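Below is one structure, written out as structure tokens; comments come after it.
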Amino acid sequence: MPERIRRILLTAVVALGALVMFFPFAWTVSTSLSSGAGLDATPQLIPDDPTLAAYRELFANTPFARVIANSLGLAITTTTLQLVTSSLAGYAFSRLAFPGRGVVFGLYLATMMIPIQVLIVPLFVQMRSLGLVDTYLGVLLPGVASAFGVFLLRQAMNSVPRELDEAATIDGAGHFRIFARLILPLVGPALASLAVFAFMSSWNGFLWPLIILRSEHLQTLPLALAGLQGQYTTQWDVMMAGSVVSVLPMLALYLFAQKYVIQGVAGTGLK
């Protein structure tokens, strides 16, 4: 097959895949702009009479601004804590030689194989014994550390030549200075990738906040979206408006950090 035809076919397949993936989001936006729209009608990508009534009703009848602030605060805090703990642990596993390092790292990675559903009951019992049920801290604590984050940053730090560490040590730098001034700047793309993954995981988290939170004013975005669906009837235009609002921060974050995410994933050997 000629190279030109192969490229045309590849471009067509990629474009078709992009359209298939983009259609649900486009239909969500269209439904949110159609007053009284439902799921029983044929989807229209261009509404006949577009209106922002669903968005006005969303913020007027529900504390959605507070919900967004809750999710944003939790996501930023979780992301920051994971970056700190994962970078420190990744440096230890990459640069510090201590007995049982490989075994400890293997056990740490093994925790990635445990579904969150298995940990819900012991985590809840632990949070209840600490008096953290229905608190932001109770939501945050299980996400402070991330085995995936440690693995990602450890792989990135392993790609940094150790000769740089040796040169810095000769100049009198200790581990903390090497970590902060040498290693972290060189693994910036991996840090950006972890930041996006951690923020996305916290922003979209549903099960654990559902279990640990009770008060309406503490609700996160996924819980509020679930609450928009009624037992018998649902205002789908309002629900889709909430879905659009929930997607926008993640979309903006990914567009901003897309280059670093690709560099980070490629540099750490993840597929």
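Check every one of the helices (runs of 4 or more DSSP H) wholly within the range 201-271 and list those with 1 or more residues that are open to solvent by 40 Å² or more (accessible area, probe 1.4 Å) and at pLDDT below 90.
Because the criterion is at least 1 residues that are open to solvent by 40 Å² or more (accessible area, probe 1.4 Å) and at pLDDT below 90, the helices (runs of 4 or more DSSP H) in the range 201-271 that meet it are 221-227, 236-268.
Filter the range 171-190 for residues that are within 13 Å of VAL160 (Cβ to Cβ) and of a type in the set (A, V, I, L, M, F, W, C); which is surrounded by the most Cβ atoms within 10 Å (Cβ to Cβ)?
Restricting to residues being within 13 Å of VAL160 (Cβ to Cβ) and of a type in the set (A, V, I, L, M, F, W, C), the top hit is ALA190.
Is there a residue in the range 169-188 that is in contact (Cβ under 8 Å) with a residue 60 or more places away in the chain and among the hydroxyl-bearing types (Ser, Thr, Tyr)?
No, because not a single residue in the range 169-188 is in contact (Cβ under 8 Å) with a residue 60 or more places away in the chain and among the hydroxyl-bearing types (Ser, Thr, Tyr).
Within the range 53-91, how many residues turn out to be under 16 Å from LEU194 (Cβ atoms) and free of Cβ contacts under 8 Å to residues at least 40 places away in the same chain?
Adding up the residues that qualify gives 2.
Pull up the range 167-200, narrow it to residues that are in a helix (DSSP H, G or I), in contact with a Leu (Cβ under 9 Å, 6 or more places away or on another chain) and of a type in the set (Val, Ile, Thr), then point me to the one that is farthest from SER87 (Cα to Cα).
So the residue we want is VAL196.
The values are calculated or read from the model by the stated rules, or taken from the named source; none is laboratory data. It should be emphasised that the depicted structure is a prediction, and the values quoted were computed from it without experimental measurement. All Cβ positions, glycine included, derive from the backbone under ideal geometry; neighbour counts span all protein chains shown. To get the accessible areas, we keep the full protein, side chains included, count just its heavy atoms, and leave off ligands, DNA and RNA. Shrake-Rupley method; radii C 1.70, N 1.55, O 1.52, S 1.80 Å.
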